[in-house]
1. Label points 7 Å out from Cα along the Cβ direction at residue 157 and residue 542: separation in nm?
2. Which value results when the Cα radius of gyration for the stretch 525-674 is divided by 2.2 N^0.38 Å?
3. Residue 516 label point, 7 Å along Cα→Cβ, cut-off 16 Å on backbone N: hits in the stretch 363-378?
4. Taking the C-alpha atoms of the stretch 149-288, how large are the radius of gyration and the largest Cα-Cα span, Dmax, in Å?
5. By how many nm would the segment from residue 346 to residue 364 lengthen if fully extended, with 0.36 nm per residue of separation less the alpha-carbon distance?
6. Once the piece of chain linking residue 636 and residue 43 is laid out straight, how much longer is it, given 0.36 nm per residue of separation minus the C-alpha distance between them?
7. Under the 0.36 nm per residue contour assumption, what length would be gained going from the current alpha-carbon distance of residue 220 and residue 435 to full extension?
8. Please find the FRET efficiency linking residue 528 to residue 599, where r is the Cβ-Cβ separation and R0 is fixed at 22 Å, and quote it to the nearest 0.05.
């Protein structure tokens, strides 16, 4: 049974659970054990009970995922070796990726409030057929909280208040939400969240000044039933983050020494980000259509606005800034006809970009070309079928057309703006299958293609990059394509569950950055590359009140550029976790102990080895941490959760991150519902 929540210290795991359903794997609701993919599912209770602070941190205990955090306010999970624009992030099925996302880790995953999430689905190595470009390492679909009006009778009202305090950083988190409506007719959910995150403290470095930040968010969802099966949904979310410092680049970073590994000190006087993002959408869906050849359908119109500002003051006193505004318009349609899911999606980005040096406009400082646009159109179909009683399969295809236009592009050595236009087409295919030996054992696997057309950052980007090096785009780069094969096995007899999978991804024309030898990085296409790895997870309910669980993963990958083979950046080292959980017979109390470990990662790419403010010389040291989690259902309305994290005060850094992880930390949270 593929249930990642069994690896977590949850009181619910001791209860009799309904079959776990996933939507993102096939765009229809299916049991997780019936889809030929590796899936992970988390809900709001998982996030609260595991002291999750941000969306990226939700995957800290997911095999095959490296949760890189440049700073506590930013986070970019590496899913099976890929991150940023090579993973697809969805909110209620709507793409959050846009054409300005840069290569490597990005900060945008933190613009989605984890406290407003009802459920998260991760589909690994899904490919491009169902959701389009970028879904290479994985697809993450977040489902926002709603009123649940269809499960209510008559007028209803209810809500919750949540508060959490972290001792390590003296941080405060809060959320208030209210729902109301008329059962079966309409419902409204309103939520407001706020974070005041203080500077984190490490046992070796002490207080890391500048790692704190503030965040505010708001979410609204209104649902109206036209009929028993037809619903109109209007939703709006907004999040704002202020003054998030890239601590490792600044003079607050004095360097870190851990055994034979060490990082170098930062040199910038200031390196900070402000970012805002809002998403508004209108959706009409019918779950039992009266159109003869359509069983159900869904149509969505969306508008997303992203504002991103970066400010940098170098040690010399030179001040540079980059300001980016992106408006994204989206239209999607999906229908189910028997065993076929089919549809289309279209997204249009309108981009305004500005750059400054010492307060004066500077065209070459623009993060991407100004007055630019990007269009992406996709047509897809996926068929689910069976051969005999034991074998099921998924076969899908997607046609993609992408086009980029830009006007205000100023390469570093140019004196006037340049304009350009490029377009690309692609057909991606996927074939997956699963064979059930009996009610407990099954094997699954197949092959999925993925495609990513060059985006505006690839083509025209200008970014502050590694250790003072600047990175520039290239208008001549070609699309990158991928093929992932996977073979896995599952076992579940009710008390014992186990899953193992191995995967191999071939990379063709992967877009990479290389050092031009003149203190800069340029964007180009590499040649052949690959990533392969293994993942395993298990859970054993050896007593009605006791459960033992664990997981482990490992990966490696190479890419050839200019005839030279190099390690792909930030490969996840051999890592894993084991937990032991007890739940009292009345399920009012639970307590869990967890050990989490990773081996030394010294398998570094050339660029990573040069990023010495972030990646330690001689590699990132291995670590072993110990934590305790507990919960108490005080009453039907009040719930308390506790976490004593890293109680051995281990001095460690997750590979690829820009700061050390917090030392000893106690978290206390309470949730009151009415």
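1. 5.1
2. 1.37
3. 363-369
4. Taking only Cα atoms of the stretch 149-288, I get Rg and Dmax of 22.2, 67 Å.
5. Length gained, residue 346 through residue 364: 3.4 nm.
6. Taking residue 636 through residue 43 to full extension adds about 211.5 nm, to one decimal.
7. That pair, residue 220 and residue 435, stretches by 73.2 nm at full extension.
8. The calculated FRET efficiency here is 0.20.
Rule-based calculations on the coordinates, nothing more; no lab input. These figures come from a predicted structure and were not determined experimentally. Every residue, glycine among them, receives a Cβ derived from its backbone with ideal geometry; neighbour counts consider all protein chains shown.
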